[in-house]
Ligand SMILES: [Zn+2]
């Protein structure tokens, strides 16, 4: 009997299959009864007894579909496993029972006595162990065959494997012990992925195992479909890496969340929240802080706290947790007011430091106010007073019209479970005071997916598209069964207004409070946000965020990043701590996505060169060559010929950098301790690294002057490196105190 194939005949004690079993059992009983009546002319009682003992319905399990990223990298796949079942009532002798206990306890590494107790009874069906690997199943099969034992069965099962561990955990979700989808795409598309079980009716021989007994009612299993996502493994990975760094660096109390979206199609290329979990072990609390908290509980309190911690780690907060957008929302107010013509870029405003609406005084975030400024400047300054006036000019009716048209009163309809709606002030409650606070991004709580979708609409020519994560459903050969495309819900603003928004966003990064999102070679636009949380439980908490769009002359991608309650000792302002994260993600993903950089002369002047190949050359030649290229030289060893070099040939090197050559028997060794560069200006960093015999790379840095300070270095202080190593340092302006 071939038992280890994919569609072998199996028996499964599955609650979901009981109904099917009963149905087929009745069918079999009736059929056999009929046969008996017609052909054997025996009594019905005997026929039923024979059927219950010798015929059984086996279920053939379908394979669960694979989940791929947009380039067909598998993100979730199923491996075949086996369950071991025994029918104790069919063990007729003590000798056989002892033999089974001896052999199976060894193969399965289960205590012999425990195993013996399990099979020493009259029950019809016992699951000894679940999800064993093929090598173990083969050993059991060998034992069954050699002794011709019919009371042990190997039942095909499968195990879901997530090859990248924590990767996109909340988005992909996970499966339960019966391979049912329990979260994310696994749950949303469970009916598509799981396939349909088949069945085979077999006659059972107590000593020789299953014997095929074709009664013409075999139904083959249908494997589940595969899903191809819009998620790009490279983009998701960059997003997660940047999120993890930000979570740690900014001492974020609750969570960091990010989304990367194609603004024209609605495709989600990346969606992540940190901390996350491992879908291979979803019932393990993954985050160390959460784990530490759990260790303070016992008994029922521990159970409750564990449930809460698991639910928290599984929740896709990018779509489920509304938050305060703060100044990022000013994009939407600007779009509405520009579209209605109640404000123009060059309209003049005056901010004396506060504005009184009805009986409430709203201060600008800048003490003393911004004074006279155009609307464009007011946007760059993120001036609350300007936006309160713009909101007033728009009026409650129109404000709510755009709030609604940009999609904030409804869920986006993204194809993921657990999407929440926003928490907002309805039109009928929008008095002058409420309108004022809503106009600068307070009072309403929106989800990250709602916000990035609205920003996409404001930037892409005005079209509100539906975000989505599943692109194609395919069969096991990769043929597309069903494709999901772009859904445009409506045009919210004209393309002309959208161009004005792109211009505002670009100016914000090139000149305004978003300059820390700068990426050399790319026209990035964006807006910062820093909002007081509305939660009574966290009255001092803030949400710091940044949304970026690129490239501004033809917007294609948006990146939204938010930190729920950061505690960075330097600053809590979005322009300082959130903008660089979006810049860093853009710098990674835009070249990958085929967006070509266009460098300015100033950027070209700062760019790295590639280290020339010096190996085998004479020291005299190398000295002349490097001098002519404006590079510095350190020679180690007493030989006349270069044997190796740092940086290696082809590696990036700053224009006036240093190459260390090794001659004779001298070998590169980690002899230099990397200095601590955090908080230093570019000039200071240059000096410190040069003195240490190291190179610095600040090619991606926004402004090379004394207003910026180092906040990230790619080699930790104190680590040992070889002379000549290039240390990449990231800088940001820390004086952007703008909400
Ligand atoms: Zn102001």
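The values are calculated or read from the model by the stated rules, or taken from the named source; none is laboratory data. Everything numeric in this text was worked out from a predicted model, so none of it was measured. Glycine also receives a Cβ, built like all others from the backbone with ideal geometry; neighbour counts cover every protein chain displayed.
Residue check: is residue 457 touching a helix residue (DSSP H, G or I) at 6+ places or on another chain (Cβ under 6 Å) and either under 25 Å from residue 272 (Cβ atoms) or modelled with pLDDT under 95 (or both)?
no
I'd like to know if region 362-370 contains one or more residues that are more than 11 Å from the ligand (Cβ to nearest atom), surrounded by fewer than 20 Cβ atoms within 10 Å (Cβ to Cβ) and without any contact (Cβ under 8 Å) to a residue 40 or more places away in the chain.
no
Considering only residues that are buried (at least 21 other Cβ atoms within 10 Å of the Cβ) and not in a helix (DSSP H, G or I), look in region 371-385 and name the one that is nearest to the ligand (Cβ to nearest atom).
383
Among the numbered criteria (1) under 31 Å from the mean Cα position of the chain (by Cα); (2) within 16 Å of the ligand (Cβ to nearest atom); (3) exposed (fewer than 15 other Cβ atoms within 10 Å of the Cβ), which one does residue 303 miss?
Only one criterion is unmet by residue 303, namely (2).
Scan region 324-353 for residues that are touching a helix residue (DSSP H, G or I) at 6+ places or on another chain (Cβ under 7 Å) and either under 26 Å from residue 168 (Cβ atoms) or within 16 Å of the ligand (Cβ to nearest atom) (or both) and report the count.
Selection size over region 324-353: 9.
Just checking, which of 96, 115 is within 13 Å of residue 151 (Cα to Cα) and either touching a strand residue (DSSP E or B) at 6+ places or on another chain (Cβ under 9 Å) or surrounded by 15 or more Cβ atoms within 10 Å (Cβ to Cβ) (or both)?
96
Do you know which of the residues in region 213-269 that are free of Cβ contacts under 8 Å to residues at least 12 places away in the same chain and under 18 Å from the mean Cα position of the chain (by Cα) is nearest to residue 732 (Cα to Cα)?
The residue in question is 248.
Only strands (runs of 3 or more DSSP E) wholly contained in region 206-280 count here; list those with 3 or more residues that are modelled with pLDDT of 95 or more.
Fully inside region 206-280 and qualifying: 226-229, 255-262, 268-274.
Can you run down the residue pairs with Cβ atoms below 8 Å, 6 or more apart or on separate chains, where the first is in region 89-115 and touching a residue at least 60 places away in the same chain (Cβ under 8 Å) and the partner is surrounded by 15 or more Cβ atoms within 10 Å (Cβ to Cβ) and assigned to a helix (DSSP H, G or I)?
Pairs that qualify, where the first residue is touching a residue at least 60 places away in the same chain (Cβ under 8 Å) and the partner is surrounded by 15 or more Cβ atoms within 10 Å (Cβ to Cβ) and assigned to a helix (DSSP H, G or I), are 91/97; 91/100; 91/119.
Under 7 Å by Cβ, and 6 or more places apart or on different chains, what pairs join a residue from region 382-394 that is touching a residue at least 24 places away in the same chain (Cβ under 8 Å) with one that is part of a helix (DSSP H, G or I) and near the ligand (Cβ under 9 Å from one of its atoms)?
Pairs found: 386/378.
Look at residue 566 and say whether it is at pLDDT below 95 and assigned to a loop (DSSP other than H, G, I, E, B).
Against the criterion (at pLDDT below 95 and assigned to a loop (DSSP other than H, G, I, E, B)), residue 566 qualifies.
Exactly one condition in (1) away from the ligand (no atom under 16 Å from the Cβ); (2) not in a helix (DSSP H, G or I) is not met by residue 397; state its number.
So residue 397 meets the others, but not (2).
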